[in-house]
Amino acid sequence: MAISQALATSFKQQLMTGTHNFTNSSGNTFKIALYTSSATLGASTTAYTASNEVSGTGYTASGGTLVNVTPTSSGTTAYTDFSDFTWSTSTITARGAMIYNSTNGNSAVAILDFTTDRSSSAGDFTIVFPTPDASNAIIRIA
């Protein structure tokens, strides 16, 4: 079993049908869920699953709601990102995460591989997203 960092292939197709709206104030709701090293997630993942999702103090099943950074572009690259997310006072261990659109069928957007287990013990577990720009944003189309 493995977690492979990727944009979900289904997400790429759904962009062509207008399934996802990343606009900050009026767009869809995107969530992030954490997974154990037993999870099998990657480009072929199509939707949120509770299978091998982490559990622990301070973590709620289905994850947390992200704050969107309204899409923009620079040069020939369009991109969007999210504000960092923290599970406060949590005791959890995760190997990866899934960003998904909870407004539209819990559709998978991106799989994040932490490469090793990351843990918190009665402390903050924070997902730090990269700089929202054309070279670094978590979702980029060049």
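The helix-only estimate of mean residue ellipticity at 222 nm for the chain, built from DSSP H runs of length n ≥ 4 each weighted as -39500 (n - 2.57), is -1000 deg cm²/dmol after division by the residue total.
The dipole here belongs to the chain: it is taken about the Cα centre, uses +1 on the Cβ of Lys and Arg and -1 on the Cβ of Asp and Glu, and is about 240 debye. For segment 56-96, the carbon plus sulfur part of the accessible surface works out to 50%, probe radius 1.4 Å.
The phi torsions of segment 60-70, fed into the Karplus equation with coefficients 6.51, -1.76 and 1.60 and a -60° offset, translate into couplings of 10, 3, 5, x, x, 8, 8, 9, 6, 9, 3 Hz, rounded to whole numbers, with Gly and Pro shown as x.
Each of S44, S10, S37 has its accessible area taken with a 1.4 Å probe; listed largest first, they run S44, S37, S10.
The relative contact order of segment 48-142, computed from alpha carbon pairs under 8 Å that lie at least 6 residues apart in sequence, is 32 percent.
The values are calculated or read from the model by the stated rules, or taken from the named source; none is laboratory data. Please read these numbers as outputs of a predicted model, since none were measured by experiment. Cβ atoms come from the backbone with ideal geometry, glycine included; neighbour counts cover every protein chain shown. The accessibility values were calculated without ligands, DNA or RNA, using every heavy atom of the protein model including side chains. Shrake-Rupley method; radii C 1.70, N 1.55, O 1.52, S 1.80 Å.
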